[in-house]
Amino acid sequence: MIDISISGLVKEFEVGKRILDGLSFQVDQGERVGLLGKNGAGKTTLFKILTGELDHDEGQVSIAPGKGLGLISQIPVYPPDYTVEDVLQTAFHKLQAMEDEMAQLTRQMEGDSDPALLKRYGALSSAFEAAGGYDTETERNKVCNGLDIPPDMRAQRFASLSGGEKTRVNLARLILEDTDILLLDEPTNHLDLHATEWLEEYLDRYKGTVLAISHDRWFLDRVVRRVIEIHEGKAEFYGGNYSFYVEEKERRYQERLKQYEKEQAKIEQLETAAERLRVWAYSGNDKIFKRAQSMEKRIERMRTTGKPKKDRRLDLKFGEREFRGDEVLTIKGLEKGFDGRTLFSGVDLEVVGGERIALLGDNGTGKSTFLKLIMGEALPDGGKLRMGPTVKIGYLPQIIHFAHPERNLVDTMIYDQDCSTQTARNRLGAFNFRGEDVFKPVSALSGGEQSRLRLCMLMDEKINLLILDEPTNHLDIDSREWIEEAVEDYEGNLLFVSHDRYFIDRFATRVWMLENGGITDFRGTYREFTAARERSGSGRPVKEESISPTRAAPREEKKKRPGGTKELEKQVNAAEREVARAEERMYELEQEIEAASSNYLQLQELYERRQVLEDEIAALYRKWEALAAELEEAQA
C-alpha cells in the first residue's frame, strides 16, 4: 500500500526559478526513507507541502486515506498556560474522548437500565483497553525518560522552554500519538547520544512510515533503508542506507564520466567522418551531402550531454605548530560544581602527544564546562590542571561570538587575521562564502554560517591542540565532510565534544565518558568503546542481449562487381537507408533515456541498449563509407 505519492510536483518562489521541478516518487507503507539534497534543494519545502503549510504550483500530492501525518520540526501553538504535561496529554485526545463518554454512560446507567447503554459502554471499554487507555501513564513515563524530559520539565509551561526542549517535547507527543507517517526534519539536532539512541531503537520497532531529513549520517545508516536525493528539482533513488548512497553515488558519477568521455571520442570520430563526406559531396553528390548533414545533426544531439559535475573538494588545512616534549595536559583531582550541584570530582587524566580524544556525555553533565576549565575560561573548585609548556590551543566553541558582529565578512577577516583583502576573499571563498555574501554583516549569518566563518579564521592559526565543541552541530553533510578532511590531515592533539557519531567514530582514538560525577577513560575507538559497554551490560542482473552488434565485412581486394555502377548505387542507397533507420532508432532511444532520468535501474538497461546500437551504427557507417568511396572511384 502506498502511503505517500508525489507526481510531477513543481514549486517556485521566484519566477523562472523552480526549487522543485517535476519531482515524482512514492513511499510505501512501513518504509524508512532518507530525504537528502544540498541546502536549498527543497527538502523542507517538500515537507511543508506534505503537511499543507505550503501550496504547490503543479503536480499531485497524495497521502493514504485515514493516515495521520506528523512533522517533528513543526511545533504547534498551545494555550499560554499549557504545561509540558498538558502538551503530552494532547497525544491521547481520542482516548480522552472515549473516557469522557464512558464516564457519561456510567452516570446515565445509574438511573437508566437501557440495555443499549450497557452495550455501548462494553464496546467502548473494550476499544479503550485495546488502544492502551489504561497504560497511558506508563507509556508517557517511558517516552519521557528516553527523550530526557524529567519531571521538573513536565511541570514547566511549554512556552517557557527553549527551541530544543520544545522539539523534544513535540517528538515525544508525536510518538505517544502513534502517528501513522512520521516526517522527521533533523530529529537528532537537539538530542544527546542517549536520547538519539533511544529514538533509533523506537523507530526500529515503529510500524508506521518514516520520511527523514537528517545530516546525522550515523542516524541515517541506522534508520533508513532507502534514500531519495533531490537534485535539480527531481528525485534520484538509491536502494540502501547512507553508506550505500555514498558509494553508489560515486559509482554512478564514474559511470557517467566514462560514458561522457566515450561520447566525446565518438563525436571526434563522427566529425572526422562528416568532414570527409563533405569533401566527397563537393563533386555534386547530393545524397552524400545529406548524409553529412544527418551525421552533423547526430553530433549536435550528442553535444547536449553535459560533463557530469562533482562537488569540488576544498584544500583545507589547519596551521600547525611544532610540538616539543610528551606532556600535553595533566589533570589531578579536578572538581567543579554549578548552582550547588557537583558536575564532576576526583578527575585524574593525562594526555600525551598525538592523541585524539572524544569527550562524551548526556546534556547537562558538564562537557562544555570541562572544556572551559582546560581553556582557562573558568576556574575549578578543586584540583589542578597543568598544560605542557609548548602547547598552543585552537578552539571552536559551540556558541560562536564575534567581537564586532556589525562588520562584514571581509572586514572581519582583515582585522582579525591581519591579512589583505584578496587573501581574505580567497580564504572565504574556500569556505563557500562567495560573491555578494562576503559583504553581509556577520550578525546576518545563520548559526551554521557563523561556525563556518569561525572555522575559516581558525584554519590560519599555528596550533598543536585543537579543541572542538560540537563542530558539526549546525552544518550540512558537505560542510561536515570539509571539516573532517581538514581534521584528517591535522597531526596535532585533538579534543572534541560531539553528538555526531560518524565524526566520533572517524577520529576518536580515546574516549572520555562524563557520567555519574566522574570521567570513564577508555583507550580505543568509539566502536570499541560501545562494544565494551554492551559486553559489560552498562541491483537487477544485466541481461545478455540476443542481438549482437552488426559487424562490417572484412575489406577484400577490389574486384569488378557484376552490374557495374548501377549495382553499386543500389548498395550505397540500401546502406544509407540502413543508417537512417538506425539513426531513427538512436533518436527514439535517446528520448527514452531522457524520460527515465530518475529511474536508475531502467537507465542501466537503456545504456546497455544504446551501447549495442552505437556499435551497430558505427559498423553501418563503415560499410556505407566503403561503398560510397568505391562508387566514387568507379564513377571517376
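Could you run through the range 14-63 and say how many residues are assigned to a strand (DSSP E or B) and under 25 Å from Tyr202 (Cα atoms)? Quick ask: steps written out before the conclusion?
Initially, the range 14-63 is screened for residues assigned to a strand (DSSP E or B), giving 14, 17-28, 32-36, 58-63.
In the following step, the residues that additionally are under 25 Å from Tyr202 (Cα atoms) were identified as 26-28, 32-36, 63.
Residues in the range 14-63 being assigned to a strand (DSSP E or B) and under 25 Å from Tyr202 (Cα atoms): 9 in total.
Among the numbered conditions (1) part of a loop (DSSP other than H, G, I, E, B); (2) in contact with a helix residue (DSSP H, G or I) (Cβ under 6 Å, 6 or more places away or on another chain), the only one that Asn363 does not meet is (2).
Does the range 438-455 contain any residue that is at positive phi and out of contact with any Leu (no Cβ under 8 Å at 6 or more places or on another chain)? Walk me through how you get there before you give the answer.
Start the filter on the range 438-455 by keeping residues that are at positive phi, which leaves none.
Checked against the condition, which is being at positive phi and out of contact with any Leu (no Cβ under 8 Å at 6 or more places or on another chain), the range 438-455 yields no hits at all.
When Gly163 is tested against the conditions (1) at pLDDT 85 or above; (2) under 26 Å from the mean Cα position of the chain (by Cα), the lone failure is (1).
Would you mind stating whether Gly524 is surrounded by fewer than 21 Cβ atoms within 10 Å (Cβ to Cβ) and more than 29 Å from the chain's Cα centre (by Cα)? When the stated conditions are applied, Gly524 does not pass them. Here Leu620, Leu603 are screened, and the one residue that is of a type outside the set (D, E, K, R), modelled with pLDDT of 75 or more, over 30 Å from Gly22 (Cβ atoms) and surrounded by 14 or more Cβ atoms within 10 Å (Cβ to Cβ) is Leu620. Look through the range 113-130, keep the residues that are among the polar types (S, T, N, Q) and open to solvent by 70 Å² or more (accessible area, probe 1.4 Å), and return whichever of them is nearest to the chain's Cα centre (by Cα). Among residues in the range 113-130 that are among the polar types (S, T, N, Q) and open to solvent by 70 Å² or more (accessible area, probe 1.4 Å), the one nearest to the chain's Cα centre (by Cα) is Ser126.
Those strands (runs of 3 or more DSSP E) of the range 160-277 in which 3 or more residues are farther than 30 Å from Lys297 by Cα and of a type in the set (A, V, I, L, M) occupy 181-185, 209-213, 226-231. Put simply, of Leu220, Leu199, Leu191, Leu203 the only residue that is open to solvent by less than 10 Å² (accessible area, probe 1.4 Å) and either within 30 Å of Gln602 (Cβ to Cβ) or among the aromatic types (Phe, Trp, Tyr) (or both) is Leu220.
Note on the range 378-394: residues that are open to solvent by 40 Å² or more (accessible area, probe 1.4 Å), within 27 Å of Gly354 (Cα to Cα) and not basic (Lys, Arg) total 7. Apart from one condition, Cys419 fits all of (1) under 26 Å from the mean Cα position of the chain (by Cα); (2) closer than 22 Å to Ile393 by Cα; (3) in a loop (DSSP other than H, G, I, E, B); (4) of a type outside the set (D, E, K, R); the exception is (1).
Quick one: in the range 478-497, of everything that is closer than 14 Å to Met459 by Cα and acidic (Asp, Glu), which residue is least open to solvent (accessible area, probe 1.4 Å)? If we take residues in the range 478-497 being closer than 14 Å to Met459 by Cα and acidic (Asp, Glu), then Glu484 is least open to solvent (accessible area, probe 1.4 Å).
Assessment of the range 98-108 against the conditions (more than 35 Å from the chain's Cα centre (by Cα), among the acidic types (Asp, Glu) and open to solvent by less than 70 Å² (accessible area, probe 1.4 Å)) yields at least one matching residue. One residue stands out in the range 498-516 among those that are in contact with a Ser or Thr (Cβ under 6 Å, 6 or more places away or on another chain) and under 14 Å from Asp362 (Cβ atoms): the one that is least open to solvent (accessible area, probe 1.4 Å), namely Leu514.
The values are calculated or read from the model by the stated rules, or taken from the named source; none is laboratory data. Being a predicted model, the structure only gives us computed values, none of them experimental. Neighbour counts run over all protein chains shown; Cβ positions are idealised from the backbone, glycine included. Note: accessible area is taken over every heavy atom of the protein model, side chains too, but ligands, DNA and RNA are not part of it. Shrake-Rupley method; radii C 1.70, N 1.55, O 1.52, S 1.80 Å.
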